[in-house]
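Everything below concerns the one structure shown next.
FYI, it's all coordinate maths here, none of it is from the lab. Small disclaimer: the values here were computed from a predicted structure and weren't measured. Using ideal geometry, Cβ is built from the backbone for each residue, glycine included, and neighbour counts are taken over all protein chains shown.
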Amino acid sequence: MNSYLIALGSNMRHHRFGSPERVLQAALDELDKRGIKVMHTARPIRSAPLGPSLRRYANSAAVVKCKLDPDELLDELKAIERAFGRRSGGQRWGSRVLDLDIVLWSGGAWSAPGLTVPHMAFRERRFVLGPAAEIAGDWRDPLTGLTLRQLNRRRIRLESQPIGACPT
C-alpha cells in the first residue's frame, strides 16, 4: 500500500453538495468509495485565491492509502474532479468546484509527463503547508529532507518578517 498526501481545494458551490467546505467532504467520501482509504483529514481553512479568481477557497489536506502508483492515482483524482463538474482547459488558477493535487507520497520523488511529486509549489503555499503539517507534520520532503512541520514553521517565519528584511 502506498501513502499519499493530497491537497484539496474548492471555491465554488456545487449544485448538489453546497458550499466549498461541503464539496471537500464529498470529495473525501468519493475517494473512499473508489477504494482510496482516507486515513487523516485536516480541518478546512479559508484562503485567498491565487491568480484571477475573486472567490476565497476552502482548503484541506488528506492522508490516503491505496495500491495505486502516482500516475494511476492522478487519473482517479482527475476523474473525481470531472465528476464534480471541473472542465479541462479552464483559466489557470480560475474558480473551480474541486481541485485535488498529489503533494507527497511514501515512495519519495516521482516524475512522469503531467505529474511531479513532490508538488512543485507546495513549499510556498500556506493553504497547502498549514493543513498538511496538521495531519502529517513528520512527513519529509524528499528533496529538502525537511519535515512538513519544519517547512511550515519556515514559511510562517518568512511571512512574519518586515518587507525588505533579509532572512537569517
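With neighbours defined as other Cβ atoms within 10 Å of a residue's Cβ, the residues Ser47, Ser106, Ser111 order from fewest to most as Ser111, Ser106, Ser47.
Figure the gain on full extension for Met39 and Thr147 (residue separation times 0.36 nm, minus the Cα-Cα span) and round it to one decimal in nm.
37.0 nm
A Förster radius of 30 Å, combined with the Cβ-Cβ distance separating Glu72 from Met120, puts the computed FRET efficiency at roughly 0.90. Helical runs (DSSP H, four residues minimum) scored at -39500 (n - 2.57) apiece and divided by the length of the chain put the mean residue ellipticity at 222 nm at -10000 deg cm²/dmol. Considering all different alpha carbon pairs of the chain, the Kirkwood hydrodynamic radius works out to 16.4 Å. Largest GNM mean-square fluctuation across Glu81, Glu124, Glu21, computed for the chain with C-alpha springs under 10 Å, falls on Glu124.
Count the net charge of all other residues whose Cβ sits under 10 Å from the Cβ of Ile36, scoring Lys and Arg as +1 and Asp and Glu as -1. In short, +2.
Sorting Asp69, Asp141 by the number of Cβ atoms found within 10 Å of their own Cβ, with the fewest placed first, yields Asp69, Asp141.
Charging the Cβ of each Asp and Glu at -1 and of each Lys and Arg at +1, and nothing else, the dipole of the chain about its Cα centre rounds to 580 debye.
Taking trypsin sites (Lys or Arg not before Pro) across segment 57-88, the ones in a DSSP loop with at most 12 further Cβ atoms lying within 10 angstrom of their Cβ are Lys67, Arg87. With neighbour counts taken as other beta-carbon atoms within 10 Å, the residues Leu129, Leu68, Leu104 rank, fewest first, as Leu68, Leu129, Leu104.
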